[in-house]
Amino acid sequence: MGPVIFTPRTEASLALLRNALPMLIRRLGNVALPLPREFCNVAVANPGAALELLRRELGEAFVRLWGWLPEFFREVMVDYPHAKFYCYYGIEELRRSVDTAVDIARLVLRLRLGAKVDLNDWLRLFNQASARVIDVPRDYVAVIDDYVTLQILRRRRGSLDIVALGPPIPTPIDLLELIAMGVLDRERLAEVVQFVVKYVGDYVVLSRDLTEAFSRLVNDKDYLSLIRSLGLYPHQLV
């Protein structure tokens, strides 16, 4: 695998990626994307069908983030006809991720309504996702939009050549998954859950978009203190 482009799942970061891709293609030629193969297989021939697939299977948020790709693919075919794209997810993998996000939102709502939620209920959501590893051909630059996947790659390879198009900071949901995988100490679970509730209930729900929600998170001094104590603040990963 070549260099890794880390792109947080926000509208602002994906806009930066859209602008950076032509340069990456000129330099490296081949790009691997965190999208379902089913989408990329039809994106050029039938952009409308490709976007409808994303909308139907993964929701409107994915269309808002990645809806520019079919048009971009067509532009690339003219300007860089030798460029290759590889989509490394199956639709089921991404659908499970969406389902997990919905289940987390339900647990947050239950807590906000005063119901009791066992701490183990948060970890059970990640049983199926905890072993995921992406497989990208060596001569491709990989675009990664998921912090946990980035961490898995770092642990497997020891070091990565990373270009970040946004703060490489985990969300509280990422921390939950890292605890479920055994990467982080389970003793921090209660503390992490408090930030999950704050992030989903206050930041995501009350923000205009994912960019604003993530910006509020990375400017939360208490949260930054937490990730520093976990050794996950960006300068601690160098």
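Looking across segment 151-198, the residues that are more than 16 Å from Leu217 (Cβ to Cβ) and β-branched (Val, Ile, Thr) come down to Ile152, Ile162, Val163, Ile179, Val183.
Could you check, for segment 229-236, whether at least one of its residues is touching a helix residue (DSSP H, G or I) at 6+ places or on another chain (Cβ under 8 Å), closer than 23 Å to Asp118 by Cβ and open to solvent by 20 Å² or more (accessible area, probe 1.4 Å)? Looking through segment 229-236, at least one residue is touching a helix residue (DSSP H, G or I) at 6+ places or on another chain (Cβ under 8 Å), closer than 23 Å to Asp118 by Cβ and open to solvent by 20 Å² or more (accessible area, probe 1.4 Å).
In segment 168-196, the qualifying residues are those that are among the charged types (D, E, K, R) and in a helix (DSSP H, G or I), and the one that is most open to solvent (accessible area, probe 1.4 Å) is Glu187. In this structure, Asp121 does satisfy being open to solvent by less than 50 Å² (accessible area, probe 1.4 Å) and charged (D, E, K, R). Checked against (1) under 26 Å from Arg156 (Cα atoms); (2) crowded, with 18+ Cβ neighbours inside 10 Å, Ala83 passes all but condition (1).
Out of all the residues in segment 52-76, which are within 15 Å of the chain's Cα centre (by Cα) and either surrounded by 20 or more Cβ atoms within 10 Å (Cβ to Cβ) or charged (D, E, K, R) (or both)?
Leu58, Phe62, Arg64, Leu65, Trp66 - these are the residues of segment 52-76 that are within 15 Å of the chain's Cα centre (by Cα) and either surrounded by 20 or more Cβ atoms within 10 Å (Cβ to Cβ) or charged (D, E, K, R) (or both).
Restrict the check to segment 92-106 and report whether at least one residue is within 20 Å of the chain's Cα centre (by Cα), surrounded by 17 or more Cβ atoms within 10 Å (Cβ to Cβ), over 25 Å from Tyr203 (Cβ atoms) and not basic (Lys, Arg). No - not one qualifying residue is present in segment 92-106. For segment 25-46, filtered to residues that are over 23 Å from Leu210 (Cβ atoms) and touching a strand residue (DSSP E or B) at 6+ places or on another chain (Cβ under 6 Å), the residue that is most open to solvent (accessible area, probe 1.4 Å) is Arg37. A search for C-beta distances below 9 Å between a residue of segment 171-186 that is within 16 Å of Tyr199 (Cβ to Cβ) and any residue that is of a type in the set (Phe, Trp, Tyr) and part of a loop (DSSP other than H, G, I, E, B), counting only pairs 6+ apart in sequence or on different chains, returns Leu176/Phe126; Glu177/Phe126; Ile179/Phe126.
Lys116 satisfies every condition listed in (1) in a helix (DSSP H, G or I); (2) open to solvent by 70 Å² or more (accessible area, probe 1.4 Å) except (1).
The values are calculated or read from the model by the stated rules, or taken from the named source; none is laboratory data. These numbers were taken from a predicted model, which means no experiment stands behind them. A quick note on method: Cβ atoms are made from the backbone with ideal geometry, for glycine too, and the neighbour counts reach across all protein chains shown. Note: accessible area is taken over every heavy atom of the protein model, side chains too, but ligands, DNA and RNA are not part of it. Shrake-Rupley method; radii C 1.70, N 1.55, O 1.52, S 1.80 Å.
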